[in-house]
1. With the other protein chains left in place, how much accessible area per residue, in square angstrom, belongs to region 101-151 at a 1.4 angstrom probe?
2. How large is the accessible surface per residue of region 22-100, computed with a 1.4 Å probe and reported in Å² as a whole number?
3. Where in the chain are the DSSP H helices whose alpha-carbon span along the long axis reaches 24 Å or more and whose Kyte-Doolittle mean is at least 0.5?
4. Using unit Cβ charges (K, R positive; D, E negative) and no other charged atoms, how large, in debye to the nearest 20, is the dipole of the chain about its Cα centre?
5. Give me the one-decimal nm value for the distance between modelled label points at Met150 and Ile115, 7 Å along each residue's Cα-to-Cβ direction.
6. Full-extension gain between Thr81 and Arg65, please, as 0.36 nm times their residue separation minus the C-alpha to C-alpha distance.
7. Could you check how much of the accessible area of the chain is carbon and sulfur, as a whole percent, using a 1.4 Å probe?
8. Between Glu88 and Glu134, 0.36 nm times their residue separation minus their Cα-Cα distance comes to what?
Amino acid sequence: MEKISFTAACLMILFVSFMGFVTENIWLAFTKGYIDNRNMHLPFLLGYGLLMMFTYYLLGLPTNRTTYFLQAAVIVMVGETLLGNLVEKVCHFNWWNYTWLPLHINKYTSVPTTIAFALIITFFMDQLFEPLMEFFEGMADGSARIIAPMLILILTIDLSHSFYRMYVDQGTYRTWYISVHEKAPALKQP
């Protein structure tokens, strides 16, 4: 793949950040019976987009899917463990906890979640990254050159605000919550 423009990289980060938001809410809907704002005002999880671009710059695109999958699994395990422990130490709460899952490695990572995320990353990088990036490169000369970096800045502010609120409140920052079935836990008001 040719050199990626800054604008196209921003567009990819935005796309994957939105897909991360959707993915987490699908997981919540199936495991806990609700969806919510995932600590953000906007429906984007910037960490997912940044992680995908980091993975691209670190590993490139898959040439051997098995090796790529294993490398992606290590990135997922290390990333989840570092982020979970950082939030626990700084904000004094567990942002998520996988101890209820079989084969959990620690509170913040497990074999099933690592496999799932590594499979998603490997599939995305093998099948979707290049065609999406070509599409985004086609948009890079237009107004996206201004809009995409501005949106990244807005998402960075949203993420910073989220971490500030989690630090101050020592808990998650929820602005909306929708139960998707009757067994979902009731919303706890701050």
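The values are calculated or read from the model by the stated rules, or taken from the named source; none is laboratory data. Quick caveat, the model's predicted, so the values are computed rather than measured. Using ideal geometry, Cβ is built from the backbone for each residue, glycine included, and neighbour counts are taken over all protein chains shown. Please note that ligands, DNA and RNA were not included when accessible areas were found on the heavy atoms of the full protein model with its side chains. Shrake-Rupley method; radii C 1.70, N 1.55, O 1.52, S 1.80 Å.
1. Values: 2820 Å² over 51 residues.
Result: 55 Å² per residue.
2. Details: 4270 Å² over 79 residues.
Per-residue accessible area for region 22-100 comes out at 54 Å².
3. Working: long enough: 6-31 (37 Å, 1.67); 65-91 (37 Å, 0.92); 144-169 (37 Å, 1.02).
TM-like helix candidates: 6-31, 65-91, 144-169.
4. Values: 11 positive and 13 negative charges, 118 e Å.
For the chain, the charge dipole is close to 560 debye.
5. Label at Met150, label at Ile115, 4.6 nm between them.
6. Numbers: separation 16, 0.36 × 16 = 5.76 nm, distance 2.39 nm.
Residue separation times 0.36 nm, minus the Cα-Cα distance, leaves 3.4 nm.
7. Values: 7480 of 11040 Å².
Percent of accessible area from carbon and sulfur atoms in the chain: 68.
8. Numbers: separation 46, 0.36 × 46 = 16.56 nm, distance 3.93 nm.
Gain on extension, Glu88 to Glu134, equals 12.6 nm.
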